[in-house]
Amino acid sequence: MKPLTSTPSTPAATELPATPPLAGAAAPAAAPQETAALDRSTRQMGYWFLAYLLIYPLPWLGRPPSALDIAASAVGVAVFLPLYLAGFGRNDARALHCGLAVAAIGLALQPFGGIWGVFIVYACGLLGGLLPRRRAYLAVAAVAAVVAAFVLWRDIRLGDWLPTLFFSAMTTMVSVYSAAYAAQSAELAASRDEARRLAVVAERERIARDLHDLLGHTLTAVAVKADLAGRLIDADPARAKAEIEDIHRTARTALADVRAAVTGMRSTRLATELATARRALDSAGIALRTEGVPPVLPPEVETALAFVLLEGVTNVVRHAQARQCEVTFTREGGGVVLRIRDSRELPGPAATPDLPAAPAATSVGGPLAPAQAPEGHGIAGMRQRLAAVGGTLALQFKPAGSVLVAFVPQGPGGPAP
């Protein structure tokens, strides 16, 4: 069963959470609801951090600004706001361009008496969120070099630029690690979303596998018993009535099994499925010979092996044209081996449409020659069940009959070999 699912991709410039004025980081696609919530939170934090602009006019409290100072500062802030909001929460080229432009605004406003370093801090916050991290370091280093050259050129006092250096360094560090944290959070959200998707796919495959095994066996048994009852209705009405009653019981049991399979409560025992197999083979006129007894195994291992027995016998009834079916349980190689062997009525390779061979494999007891037909759902389901408990499946086909060999490791609940 191949699920038809798709995972939406996230553009490289998708906004992700950060610590403003620290830039966020993009990451693999997260669940849509989580991504939307993170984007809203990021945007709200960006607005809150605009309060740092109130630091800019503090020097004017001691020295009244001129009209030119106010006008130039107003223009600078008006240009800054759209740049900051456009680059905030991003890690792509837009954030780089906006961060560099914000730094340029700060340098341009230095002669007008405000705390121009505020804009340098904003710039470092935007640039520190760039990904990959090396790109962020190079951008911040370039801004630092330009600011240092500007300070020397303008002969700015130490007290005027030292706070800018300190807060820019702190903002850069926090922004870098905030971007890394945001990336990890988005990856975690994406992994949770993928885990949920895979769980749904696995559950669908389990239900499909269980329904295939249950309904395949039940419908085969019902068809065989119905044919037998039709032939006996005149010759032996009492037995025909018994077969019809058995069809009724089989249908009701199958309905309960289907409900259990859908709810994930389906489990079975080897002894139960062996008795069911005996009834199905008897109705089809196929003699059953058993050797060994069903071993004591952990529940999940026994359920897997029981489903293999169910599917294997169903295939014998449906396709093998057999006179006899042999089911044996042995302990070999540190595990339990189930063999289902059928002897065909008419030799010939055309009687196995649903029993394709496994790839050339070696099972307990020697190599098995593969057939050339592609595997059907039943064989694939048996392989999946056995693989889930550490077991293997091998098949052998000859004109005179086929052999199915299932191996599971001996669990701690079973007896010693």
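Net length available on complete extension from V296 to A142 is 48.2 nm, with 0.36 nm assigned per residue and the Cα-Cα distance removed. Approximating the spin labels as points 7 Å out from Cα along Cα→Cβ, the A149-to-L85 distance works out to 3.3 nm.
A simple spin-label model places the labels of Q44 and A387 4.6 nm from each other, with each point 7 Å out along Cα-to-Cβ. A full extension of the chain between L188 and A93 corresponds to an added length of 31.7 nm, given 0.36 nm per residue minus the alpha carbon distance. A straight chain from R196 to M170 at 0.36 nm per residue would run longer than the Cα-Cα distance by 5.5 nm. Using R0 = 30 Å, the C-beta based FRET efficiency linking R323 and R269 works out to 0.60. Considering every alpha-carbon pair of the range 32-197, the percent of pairs per 5 Å bin, from zero through the bin containing the longest distance, is 1, 8, 16, 20, 19, 13, 9, 5, 3, 2, 1, 1, 0. Annotation: amide H-H contacts under 5 Å for A322 (H modelled 1.01 Å from N, sequence separation of 5 or more, or interchain): E345. Rounded to the nearest Hz, the phi-derived 3J(HN,Hα) couplings of the range 82-99 under the Karplus curve 6.51 cos²θ - 1.76 cosθ + 1.60 (θ = phi - 60°) are x, 5, 5, 5, 6, x, 5, x, 10, 10, 10, 4, 4, 4, 4, 5, 5, x, where x marks glycine and proline.
Each reported figure results from applying straightforward, stated rules to the coordinates on display, with no laboratory input. Since this is a predicted model, take the numbers as computed values, not measurements. Cβ: placed from backbone, ideal geometry, glycine included. Neighbour counts: every protein chain shown.
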